[in-house]
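Below: the structure, in structure tokens.
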Amino acid sequence: MIVVAVAVLVTVLLTDHSSGRTAQGVPTGSPPSPAAASAGSSVASSGAVPSGAVPSGAVPSGAANSGLASAAGSVSIPPRPPDDQPGPVILVPGYGGDASMLDDLAAVLRRHGRTTVTLALPNNAMGDFHGQEQVLAAQVKKSLAAGAKSVDLIGYSAGGIVVGLFVAADPSVVRRVATIGSPLHGTRLAGLAAGILPSECPTACEQMVPGSALLASLAAASPTVTGVPWLSMWTSIDQVVTPPDSARFAGATNVEMQGVCPDDQATHITLPTDPLAEGLTLQALDGSGLPLATPSASDCASLRALG
């Protein structure tokens, strides 16, 4: 009974709770085409954005991290899309949640003039991350076919893994990336769930066990390999992504939010609606500066005001 209780607790903590609805799109503009619906994506609404992002923390240990640290090598970096012609922002929700968890962030982006698309992932985003990446790829293809020069990608929580897989596969169409509380090196909670009660740890959970082959493959998405500007942010009080700086990514602009606003109280679940996280995201997707700037405590108020 104790083992089952602990496993259930791990599963509850690992799940990104939203409104409790099952995975669905957030149509705030034209309804999706039948092809898009069958792919599992849906279009939000329309609307170009604000610049930079973030400090540092300890790099998490583990095989996946060491792979990321050595990613660059002598790989030829592909040309980047034009910064002055931003396409839509595609937002990818996290494990166990649905598109509604990103409603507020999408609305902030639209207020700042961006077109947004919030991805709806099958099986509450608990299935194989490779399959989730194919849903994202289908939406990117649709956006490019509609005339976009590129896409910006935002991944919340495990959505950042989906984004990383896509960037590794096709970086040339990605203008900028922001990930929010993403377990890019996995989370110990997944390892606990997989070890205590494997039946309660579906495929995506297994793939988030630190040191997994899938996490190691994200090395190919590193900005040192792809040239894609990438902001990764996290909250130091995250109890779902453990350790919180599992979000640190080699070559990215890495920001612990409390390093910018020491009083920030965002938890893993409230990250997408936190004004600082919203401001950092807006700044990162702005086309006015590269490399992405690293904010300091003096930027706290202005970044929160953006959100």
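The values are calculated or read from the model by the stated rules, or taken from the named source; none is laboratory data. Bear in mind that the values here come from a model prediction, so they are computed numbers and not experimental data. Cβ placement follows ideal geometry from the backbone for every residue including glycine, while neighbour counts extend to all protein chains displayed.
Each row is one residue, and each column tells you yes or no for (1) closer than 24 Å to R248 by Cα; (2) modelled with pLDDT under 95; (3) of a type outside the set (S, T, N, Q).
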| site | (1), (2), (3) |
| --- | --- |
| N65 | yes, yes, no |
| P82 | no, yes, yes |
| S100 | no, yes, no |
| R110 | no, no, yes |
| A145 | no, no, yes |
| Y156 | yes, no, yes |
| G160 | yes, no, yes |
So, in region 118-128, how many residues would count as being within 10 Å of A99 (Cβ to Cβ) and either surrounded by fewer than 16 Cβ atoms within 10 Å (Cβ to Cβ) or touching a Leu at 6+ places or on another chain (Cβ under 7 Å) (or both)? 2
Restricting to region 172-188, give me the number of residues that are surrounded by fewer than 24 Cβ atoms within 10 Å (Cβ to Cβ) and either on the phi > 0 side of the Ramachandran plot or not polar (S, T, N, Q) (or both). 3
Look at V163 and say whether it is buried (at least 19 other Cβ atoms within 10 Å of the Cβ) and either in contact with a helix residue (DSSP H, G or I) (Cβ under 6 Å, 6 or more places away or on another chain) or of a type in the set (S, T, Y) (or both). no
Restricting attention to region 252-260, does a residue exist that is closer than 17 Å to G94 by Cα, under 17 Å from the mean Cα position of the chain (by Cα) and hydroxyl-bearing (S, T, Y)? no
Does V163 meet the test of being in a helix (DSSP H, G or I), out of contact with any Lys or Arg (no Cβ under 6 Å at 6 or more places or on another chain) and farther than 25 Å from P122 by Cα? no
Going through region 277-299 in order, the residues found to be surrounded by fewer than 20 Cβ atoms within 10 Å (Cβ to Cβ) and in a loop (DSSP other than H, G, I, E, B) are G287, S288, G289, L290, P291, A293, T294, S296
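Among the candidates A252, A297, which residue alone is of a type in the set (G, A, S) and under 19 Å from D152 (Cα atoms)? Full working, then the answer.
On the way: A297 fails: under 19 Å from D152 (Cα atoms).
So the residue among A252, A297 that is of a type in the set (G, A, S) and under 19 Å from D152 (Cα atoms) is A252.
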Within region 88-107, which residues are hydrophobic (A, V, I, L, M, F, W, C), surrounded by 22 or more Cβ atoms within 10 Å (Cβ to Cβ) and farther than 14 Å from T179 by Cβ? A99, M101, A106
Only listed residue being assigned to a loop (DSSP other than H, G, I, E, B), surrounded by fewer than 20 Cβ atoms within 10 Å (Cβ to Cβ) and either among the charged types (D, E, K, R) or more than 15 Å from the chain's Cα centre (by Cα) (or both), chosen from G131, G113: G113
Does region 93-138 hold any residues that are among the basic types (K, R) and in contact with a strand residue (DSSP E or B) (Cβ under 8 Å, 6 or more places away or on another chain), and which are they? R110, R114
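Hey, can you tell me all the residues within region 224-276 that are in a strand (DSSP E or B) and not polar (S, T, N, Q)?
From region 224-276, those in a strand (DSSP E or B) are 230-234, 253-256; that's our starting set.
W230, L231, M233, W234, V255, E256, listed by residue number.
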